[in-house]
Each structure stands twice: as C-alpha cells, then as structure tokens.
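Enquirer: Quick one: the structure is below, questions incoming.
Values quoted throughout were computed directly from the atomic coordinates according to the rules given, and no laboratory measurement underlies them. The structure presented is a predicted model; accordingly, all values stated were derived computationally and were not measured. Note that we place each Cβ from the backbone using ideal geometry, even for glycine, and neighbour counts take in every protein chain shown.
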Amino acid sequence: MQFEQGTNPARVKAANQSAILKTIYHCGPIKRSEIAGRLGLTLPTITTNVNSMMARGIVRETGSEPSSTRFAGRKAHLVDIVPGSRHFVGLEIQGARRAVCLLDYRGRALYARESLGEQRDYDRNMDMACEMVGRALSACGLGLESIAGIGACLPGLVDTRRGVLEVRPSYSWTHKDIRGDIAARIGYPGPIHVENNACARAYGAQLFRREALGDAQTFAYLFLSQGIACPLVLNTAIDFGSVVGAGEVGHMVMVPNGAPCSCGNRGCLEAYSSDTAVLRRCGEALERGDAPVLRRLCGGGPPDMEQVLTAQEEGDADVAAIVEEAVYILGVAVANINNFACPSLMLIEGKLFCRPANWERLLKIVGCNLCGAVHPATQFIFVEPDPLSGAMGAAAMAICKDLETYIEL
Ligand SMILES: [Zn+2]
C-alpha cells in the first residue's frame, strides 16, 4: 500500500503519520525497516516520523533485535508505544447500570467500576455517569488535561458524527446530545466519541482480542442484552476501528405477525431472543403458574438471567422451552447474517451462552441453516459476558480514534 502519493501534501503527511503510529501500535515492538516494508514507505520517511513521535514521548525504543547473522552491522532498534503517555476514559450508560474505566495508551485498565440501579431519568442518569468519571480521575490522580479522549456508549441508535443518541425506545430517550452533555458536565474540551454499545464492544475486541481475531479480514460482534445488535468490522491494521455499522439486526423479522416488539412491529428477533424477551416470557410463565423451578429460585420476585439459566439447568421444562425457542430463532438469524455478510469470524456475547448447552444448540442450528456454498469457514467465538466490556470498548474506541486522527502539531 502506498501512502506517499497524492496531491495534498499536508493530508498525505497526516495519513502517513497515522499509518505509522497504527503499525507501531499493532505490531510493536517493531523495527523501523519492518514498518517501512509493511506500509510501502521509505525508511527516511519512517525515521523522520518515528523520531518526532519519540520527541513527543508517545513512542520509544525498547531494545534491539538479536542479529540474525554474525556479520550484521548496527543492531536494529525496536520501537513501541509508551503506555503511560496518554490516557482515555470509557463510559457505558444504560438505564439500569453505568460503567466507567480509565485506560492507558496500551489499553491497560487503571480503573474500572460499575454502578447498578435503574434510573430512567436521562439527566439524572447522565449526572451519575459523569460523577463516576470524576471519581475515576481522582482515584488515578489524573486531571482532565491528561485525558486524550473520552469514549461513551449506549444502547440504541447513535449518530456518531454528531455524538447524539437518536433514539432509545425502551427508555423514551430521543435526540440526546451525549457529546455536549458530557462535555458540559465534566468541563472537558477534548474529543468525545459516542457509539452504540455493541459497536463499542467491537472496538474493544479489536484492541483486546487481537490474538482471537487472528488474520480475520472481517468480523461481526453479536451482542445480546436488553436488545440485540451485530456490528460488522473491517479488521486490518490500517482500517483499525472501521466499524461498518450496527444494523438493526434485532428488528429483523423472524416470525411474520409474531410476538409484538418494542419497536412497534411484530415478530422481530429481539422479541424472542433478547434478555428482555426471555425474561418477559419467563415472567408470563410464572403468572400462569408454570415454571416451578424458576418460581422457587426467584421467590416471588421478577426473575433474572442467572436464575433462568439455573432453572433451565435444573430441568424446568417451561423455562427450557422458552430458552430453546430463543436460541432456535437466534440460530436462524445468525445463519442469515452469515449467509448475507460472510464475516470470517463472529464473536458472540450474551448471558444465554454462559450455558454450554445453549451455545452447542446455537451452533447446531446455525449449521443447519448456513449456506455452505456461500461461506463454509465462518468461525464462532463465544465471549464471556463482562459488565465492564462496554466501558472498556468505549475507551478502546477513543484510542482507535486517537490513532486515526494523529496529527503532529
Ligand atoms: Zn422490533
């Protein structure tokens, strides 16, 4: 790939700088000559840029590679990112919980916390989330001036360019200026990036699961929680952070004229396979006097996903039927996503799949509905659900954007 060509020298220079920084980020510690080889740039271009990155303290020499021959002259020094040179904040704001983390440039968490508690009032929820950012900074002894970027993510439809949450139907939050509201509350003048929370997890996968992603050119991140989303991602060192789109996969109609969905339609994937749908259906079973094991486990209160999975494990036939239908419909949807988009790899995060029996069943149903002629080699990885993965993903997104827009001033 050539980056030096073009008619706008400033833009070419910025693109070169960003490509060099991303290559060091992904492949470091790395030799200057290897960066040149990977990017198709000249060694002097690499050296000039790396020297200025070193002068700014974001890149350093980390030793030298052993000589491969006895006659080697100067040893080639390896360069790498300086982890403590930049810091990023990640925030996930949901109705029932908020999570915040503070990462260094390498993505190591210096601080990560969640706070539980339903808060349907948007402004109050935002206040609570921003107070958590303040606590994270003071716990790490950092001021706002040391934060290179903030990433924030939420469920729902997000306009990433404007940093606006367009709609979050289940909470009646519409047209919320997330970027502006965070900036005003914490007084932060730097970059604030806003994303859907499944897309943020896809950014997190790119940063934290490089080995699992391997050389997959594209991957999908299926995230099941209150809703269902499945962003597709281009996965190359240069296009790092290219989340193509979340898609409204949760509102794919799986059962024409089926169960009502929060979007107003009927038969959507979310109406069967999201946590919300499984819990609603289990609640209905309890009201009918069914699901005896689940009834004992939740003692009259509303069930949670852990109790549902335990009841399934302990042989509650009513709960098992609900979960099996959720997995069946999801399996058909996953096969359709793969038949259509053909990602090399699909990561799946959802509480339903804490039980191996459920992911085994899912893979079986996918196998029955996957068009082998289209894409026989899609690989599936089940990701353990983590309450902090949204905040970590949002911070990872801020790091990706930082690498993407690196311009030396
Ligand atoms: Zn729907």
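Enquirer: Considering only DSSP beta bridges whose two residues both sit in the stretch 215-383, what percent are antiparallel, to the nearest 5?
Expert: On the way: 10 of 20 bridges.
Beta bridges within the stretch 215-383, antiparallel portion: roughly 50 percent.
Enquirer: Let me ask something else. In a solvent-free Debye calculation with one equal scatterer on each Cα, what is log10 I(q)/I(0) for the chain at q = 0.12 Å⁻¹, listed in the order of the q values?
Expert: -1.00
Enquirer: Here is a further query. Which aspartates and glutamates, if any, have their Cα less than 15 Å from the Cα of Lys31, not counting same-chain residues under 8 positions apart?
Expert: Glu61, Glu65, Asp80
Enquirer: Which residues make up the longest stretch of the chain clear of GluC sites (Glu not before Pro) that lie in a DSSP loop with no more than 15 other Cβ atoms within 10 Å, not counting the sites?
Expert: Numbers: sites that count: Glu4, Glu118, Glu314, Glu408.
Longest gap between qualifying sites, sites excluded: 119-313.
Enquirer: Between Lys364 and Glu114, with labels modelled 7 Å along Cα→Cβ, what's the label distance in nm to one decimal, could you check?
Expert: 3.0 nm
Enquirer: Next question. Which net charge results when you count Lys and Arg as +1 and Asp and Glu as -1 among the other residues whose beta-carbon is under 13 Å from that of Gly190? Walk me through the numbers on the way to the answer.
Expert: On the way: positive: Arg86, Arg179, Lys401; negative: Glu145, Asp402.
My count for the surroundings of Gly190 gives +1.
Enquirer: Can you tell me the FRET efficiency between Met128 and Thr174 if r is taken as the Cβ-Cβ distance and R0 is 22 Å, rounded to the nearest 0.05? Spell out each step's value before the answer.
Expert: Working: r = 20 Å, r/R0 = 0.91.
My answer for the efficiency is 0.65.
Enquirer: When the helix-only estimate is applied to the chain (DSSP H runs of n ≥ 4, each -39,500 (n - 2.57), divided by the residue count), what is the mean residue ellipticity at 222 nm, nearest 500 deg cm²/dmol?
Expert: Helix-only estimate at 222 nm: -13000 deg cm²/dmol.
Enquirer: What list of ³J(HN,Hα) couplings, whole Hz, do you get for the stretch 100-108 from phi and the Karplus terms 6.51, -1.76, 1.60, once you set θ to phi - 60° and write x for glycine and proline?
Expert: Computed from phi, the couplings for the stretch 100-108 are 9, 9, 10, 10, 7, 4, 7, x, 7 Hz.
Enquirer: Turning to a different aspect of this structure: Based on Cβ point charges of +1 for Lys and Arg and -1 for Asp and Glu, what charge dipole magnitude is obtained for the chain about its Cα centre, in debye rounded to the nearest 20? Present the calculation step by step, with values, prior to reporting the outcome.
Expert: On the way: 40 positive and 43 negative charges, 279 e Å.
Once rounded to the nearest 20, the dipole reads 1340 debye.
Enquirer: Separate question: What do the square roots of 5 times the Cα gyration tensor eigenvalues come to for the stretch 215-383, in whole Å, largest first, as semi-axes of the equivalent ellipsoid? Spell out each step's value before the answer.
Expert: Details: eigenvalues 184, 52, 42 Å².
Over the Cα atoms of the stretch 215-383, the ellipsoid semi-axes are 30, 16, 15 Å.
Enquirer: In this model, which of Lys364/Lys401; Lys22/Lys351; Lys13/Lys401 are farther than 26 Å apart at the alpha-carbon?
Expert: On the way: Lys364/Lys401 38 Å; Lys22/Lys351 33 Å; Lys13/Lys401 17 Å.
Going by Cα-Cα distance, Lys364/Lys401; Lys22/Lys351 fall outside the 26 Å limit.
Enquirer: Still on this structure, I have one more. Between Glu61 and Ile407, how high is the FRET efficiency from 1/(1 + (r/R0)^6) when r is the Cβ-Cβ distance and R₀ = 30 Å? Nearest 0.05.
Expert: That gives a FRET efficiency of 0.85.
Enquirer: If you average the C-alpha positions of the stretch 252-274 and of the stretch 77-152 separately, how far apart do those two centres end up, in angstrom?
Expert: Each part's Cα centre sits 35 Å from the other's.
Enquirer: Another question, if that's okay. Assuming 0.36 nm per residue, please report the length gained on full extension of the stretch Asp215 to Arg185 beyond their Cα-Cα distance.
Expert: Values: separation 30, 0.36 × 30 = 10.80 nm, distance 4.10 nm.
So the extension gain works out to 6.7 nm.
Enquirer: Which of Leu142, Leu224 has the fewest other C-beta atoms within 10 Å, and how do the rest follow up to the most? Intermediate results must be reported in sequence, preceding the final value.
Expert: Numbers: Leu142 16, Leu224 28.
Neighbour counts put them in this order, fewest first: Leu142, Leu224.
Enquirer: Then there is this: For the stretch 338-361 and the stretch 192-220, what is the centre-to-centre distance using only Cα atoms, to the nearest Å?
Expert: Cα centroid of the stretch 338-361 versus Cα centroid of the stretch 192-220: 15 Å apart.
Enquirer: Taking K and R as +1 and D and E as -1, what net charge do the other residues with C-beta under 10 Å from the C-beta of Val327 add up to? Display every interim value, and only then the final one.
Expert: Values: positive: Arg355, Arg361, Lys364; negative: Glu324, Glu325, Glu360.
Overall, the nearby charge balance is 0.
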